[in-house]
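Down below is the structure, laid out as structure tokens.
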Amino acid sequence: MREGMKTTMSGEKVAVELCKGINGLDKIVLREARGSSAEVCLYGGQVTSWKNDHGEELLFMSSKAIFKPPKAIRGGIPICFPQFSSHGSLEQHGFARNRIWSIDTDPPPFPTNSSNKAFVDLILKPSEEDMKIWPHCYEFRLRVSLSPSGDLMLISRIRNTNTDGKPFSFTFAYHTYFSVSDISEVRVEGLETLDYLDNLEDKKRFTEQGDAITFESEVDKIYVSTPTKIAILDHEKKRTFVLRKDGLPDAVVWNPWDRKAKAIPDLGDDDYKHMLCVEAAAVEKPITLKPGEEWKGRQELCAVPSSYCSGQLDPQRVLHG
Ligand code: BG6
């Protein structure tokens, strides 16, 4: 891992620092020269903070988040692996989000060279205990990086290292909690007219009708085979998040709304107003890897200022620009 201040060829300063977070949990802080930053907790391999160059937090963290194993941290970007949801033999959303990851000191090279200088490589491998509940050998490598302009990129590489010749299958999600000013003022573009599985109706399949998605009650949907670009428009903050994904065909949209929020112990009663989960995911069709095979899934987030004039944002520009 890179540690301390580094000066790039162009003279910019970037930093990667290992330090202690809440309850002594190890975290890595990434800082870019223009001021943006991100924090990654080794517990869960979880991004817990992403700030723009004005120091504004872009990810939601619950006011009641518990930074202590075995509870997964409610906020930031938990990683759901090897099982999304409670559909399967494992605990809800799998175990990767409540394991201690390690810093990967010698990751295999990436095929494309990235200009990002502030990054960290993490790795998760199964413990003996994990093998009892999911009997497969794997190497899960996660790179978290910040671009010079403050974009946040997560790349996961999962390799089947079974020596018994057996394939394995998994589902996956980057369970991103976006921070929004007021959920009632938010719209999501890029998912309209798509099919979704509704978690609130026993995963029945529906087709999204009409316009962009807005929020006025609990939502828990898995949009299947979505475009690679989704926009989350926060009118009040005049901010648009653009999520780009690769290798992750689905997108989960979740907000628990008031009643469900009250039933979630580590979520404040009013927190639902300030969060929206839009999750790059592979859920409908599990990914299968034979021994020696590797899967790659990428999520890239950027936050851009947007203006809202008489009800008309320009979705074409956001989505196709
Ligand atoms: C979402 C699921 O991804 O995560 C919801 O679609 C679930 O069904 C939510 O309630 C939160 O899950 P958890 O396990 O973090 O409370």
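Values as computed for the structure displayed
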| item | result |
| --- | --- |
| Positive dipole terminus of the chain, leading residue within ALA173, ASN23, VAL253 (C-beta point charges) | ASN23 |
| Least to most buried among LYS132, LYS71 (fewest other Cβ within 10 Å first) | LYS132, LYS71 |
| Burial order of peptide ranges 256-265, 181-190, 45-54 (average beta-carbon count within 10 Å, highest first) | 45-54, 181-190, 256-265 |
| Amide hydrogen neighbours beyond the local backbone of HIS235, cut-off 5 Å, H modeled | ARG187 |
| Relative contact order (percent, whole number), the chain, Cα cutoff 8 Å, 6+ residue spacing | 16 |
| Computed [θ] at 222 nm, helices only, for the chain once each DSSP H run of length n ≥ 4 contributes -39500 (n - 2.57) | -1500 deg cm²/dmol |
| Selection from GLY297, VAL120, SER37, by position along the positive dipole direction of the chain (Cβ) | VAL120 |
| Residue-by-residue Karplus 3J(HN,Hα) for the stretch 266-272, coefficients 6.51, -1.76, 1.60, Hz, glycine and proline x | 9, 10, x, 4, 9, 4, 4 |
| Dipole magnitude of the chain, debye to nearest 20 (Cβ charges: Lys/Arg +1, Asp/Glu -1, about Cα centre) | 760 |
| For the stretch 16-320, convex hull of alpha carbons as volume per residue, Å³ | 135 |
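FYI, it's all coordinate maths here, none of it is from the lab. Remember, it's a predicted structure, so these values are computed and weren't measured experimentally. Neighbour counts run over all protein chains shown; Cβ positions are idealised from the backbone, glycine included.
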